[in-house]
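The values are calculated or read from the model by the stated rules, or taken from the named source; none is laboratory data. The model shown is predicted, which means the values in this text are computed figures rather than measured ones. When we count neighbours, we look across all protein chains shown, and the Cβ atoms used for this are built from the backbone with ideal geometry, even at glycine. Protein only, heavy atoms only, side chains kept; ligands, DNA and RNA dropped before computing areas. Shrake-Rupley method; radii C 1.70, N 1.55, O 1.52, S 1.80 Å.
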Amino acid sequence: MQPTILIIDDDASLRRVLEYQLQEAGYEVATAASGEEGLTRFGELAPQLVICDMQMPGMDGMQVLKTVKERSPETPVIIITAFGSVDVAVQAMKQGAYDYITKPFNRDELHLTVARALHLTTLARENRRLKDALAGDDDYRSMVGASAAMEKVYQVVRKVADSDASVLLSGESGTGKELVARALHARSSRRSGPFVAVNCAAIPHDLLESELFGHLKGAFTGAIKDKQGKFQQADGGTIFLDEVGELPLELQPKLLRVLQERVVTPVGGNREQRLDIRVVAATNRDIEQAISEGRFREDLYYRLSVIPLHLPPLRQRREDIPLLLRHFCSKHGADEVHFDDAALVILQQYAWPGNVRELENLVERLLIMRSGVEITSADLPDKLKQPANGVAAHPGVINLPDEGYPLEQLEREVVVEALERNRWNQTAAARFLQIPRHTLLYRMEKYQITPPKP
């Protein structure tokens with residue numbers, strides 16, 4: 001989600017220029033022709049930034065600034081002033097304006113001032129969240145992000161953490177699903193109980209039933225003593241079933257019964273054990289597609305997803321990348337290290353198919369290989385700097401050769417890249433391309449695109 005910027009200016013031509021330049025840079029833009037209209041729109045939109053002309057008939061920029069700061073002290077305001085009126089702009093900054101730009105200004109000056117102001121907003125929001133966490137109001141621990149997309153995740157966590165409803169976390173690999181599961185546990189009344197994490201894809205299928213539900217001595221060859229399963233270990237707390245989409249079909253009825261009755265029967269036993277547990281599951285697969293293909297039970301899906309929560313990929317919350325960089329540097333004992341502006345631009349334009357996990361791995365590698373306290377664009381791997389398949393990493397920017405390029409070939413490459421980034425998950429790729437799934441299937445058939453053989 002892109003930040004929303006509100007422009008308040010009585011000069012229609014200047015409003016249009018500002019709106020065009022900021023929309024071209026990827027921001028959501030709203031405009032108002034007067035101070036009064038601007039404050040009305042401010043209340044409706046809650047923008048992340050306000051740009052306001054100082055000299056306007058009726059309510060002037062100073063009055064707008066005062067009202068905005070009363071309503072939302074953290075919202076930055078940039079003042080537009082005429083050349084020679086710098087003293088007025090300085091007075092506005094004393095009253096809380098973030099910065100000012102003088103007419104006429106160029107595009108680079110505008111973009112730089114706006115980027116810095118929005119970065120300040122992000123830092124302020126993250127600082128407030130961290131203070132809340134230290135005060136005990138939140139316990140997100142390693143969850144880092146102040147973007148609008150992550151704020152939605154935090155809101156759901158706050159609302160559902162202390163219920164016993166099952167939660168199904170979806171999202172690409174590396175988006176932090178286990179961190180969210182731990183946050184749900186830490187904010188619940190079960191926080192003093194165990195948190196047991198199970199990766200359903202990492203346990204061999206013939207051992208998975210015993211690992212989950214336990215077994216009795218003699219239940220099978222090698223069962224030399226009774227063993228508690230993960231569900232029994234989680235009694236009184238939370239069990240986290242990661243990669244639940246990989247659960248074998250034959251085990252799914254038993255898990256369904258556990259969810260419905262809160263009882264478990266160990267392998268080789270016939271006596272049920274009652275459990276007091278909360279179940280949080282996660283998947284990077286398209287469960288609905290697995291249901292249609294007969295690989296996952298529909299009734300189990302609905303039991304697991306009483307509360308569905310989708311975690312956004314890193315490319316949809318690029319504004320969190322500076323915060324994550326700082327967090328990972330601190331985590332690896334390098335608080336003094338920082339990234340220069342050119343490196344930040346490259347890191348925020350890259351698509352991050354491995355998401356936050358990929359970013360942390362990169363930071364760790366850069367910290368080991370660094371020669372000073374500043375990491376520059378020259379230190380970054382070449383793959384981060386090169387757009388893939390002719391499509392630049394920044395959304396909406398396409399690099400085409402001077403001699404031209406066939407539209408159909410370009411469209412085919414975009415579809416293939418979307419499928420590859422989403423590990424050939426058609427539903428996820430369609431969501432990535434912002435088209436219906438049937439449209440993606442039509443394009444795949446049209447261009448004879450088939451998944452790679454396993």
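Condition check ((1) crowded, with 18+ Cβ neighbours inside 10 Å; (2) over 26 Å from the mean Cα position of the chain (by Cα); (3) in a strand (DSSP E or B)) across all residues:
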site	(1), (2), (3)
R16	no, yes, no
Y20	no, yes, no
G26	no, no, no
V29	yes, no, yes
G38	yes, yes, no
K66	no, yes, no
**Message:** Go through (1) more than 16 Å from F240 (Cα to Cα); (2) open to solvent by less than 50 Å² (accessible area, probe 1.4 Å); (3) at pLDDT 90 or above; (4) of a type outside the set (A, V, I, L, M) for R318 and report which single condition fails.
**Reply:** (3)
**Item:** Filter result for the condition that a residue is open to solvent by 40 Å² or more (accessible area, probe 1.4 Å), modelled with pLDDT of 90 or more and of a type outside the set (D, E, K, R), over A33, A46
**Value:** A33
**Asked** Would it be correct to say that T439 is under 27 Å from the mean Cα position of the chain (by Cα), open to solvent by less than 50 Å² (accessible area, probe 1.4 Å), farther than 20 Å from L314 by Cβ and at pLDDT below 85?
**Response** yes
**Prompt:** For region 142-164, how many residues meet the condition of being buried (at least 17 other Cβ atoms within 10 Å of the Cβ) and within 23 Å of K331 (Cα to Cα)?
**Reply:** 8
**Selected residue [more than 29 Å from G171 (Cβ to Cβ), touching a Leu at 6+ places or on another chain (Cβ under 8 Å) and either of a type in the set (K, R) or surrounded by fewer than 19 Cβ atoms within 10 Å (Cβ to Cβ) (or both)] from D341, D335, D379** = D379
**Complete:** D340 meets each of (1) among the acidic types (D, E); (2) in contact with a strand residue (DSSP E or B) (Cβ under 8 Å, 6 or more places away or on another chain); (3) modelled with pLDDT of 90 or more with one exception, condition (3)
**Item:** Test: F328 is part of a loop (DSSP other than H, G, I, E, B), open to solvent by less than 30 Å² (accessible area, probe 1.4 Å) and either closer than 26 Å to Y154 by Cα or touching a residue at least 12 places away in the same chain (Cβ under 8 Å) (or both)
**Value:** no
**Request:** Specify the residue that is farthest from R116 (Cα to Cα); the eligible residues are those in region 68-88 that are of a type in the set (A, V, I, L, M, F, W, C) and crowded, with 20+ Cβ neighbours inside 10 Å.
**Result:** V68
**Request:** Determine if region 403-415 includes at least one residue that is part of a helix (DSSP H, G or I), among the charged types (D, E, K, R), over 30 Å from E293 (Cα atoms) and at pLDDT 85 or above.
**Result:** no
**Asked** Any chance region 176-197 includes a residue that's modelled with pLDDT of 90 or more and at positive phi?
**Response** yes
**Prompt:** Would region 50-60 turn up any residue that is within 30 Å of D340 (Cβ to Cβ), at pLDDT 85 or above and open to solvent by less than 70 Å² (accessible area, probe 1.4 Å)?
**Reply:** yes
**Request:** Tell me, yes or no, whether region 43-56 has at least one residue that is assigned to a helix (DSSP H, G or I), among the aliphatic types (A, V, I, L, M), over 23 Å from Q348 (Cβ atoms) and touching a helix residue (DSSP H, G or I) at 6+ places or on another chain (Cβ under 6 Å).
**Result:** no
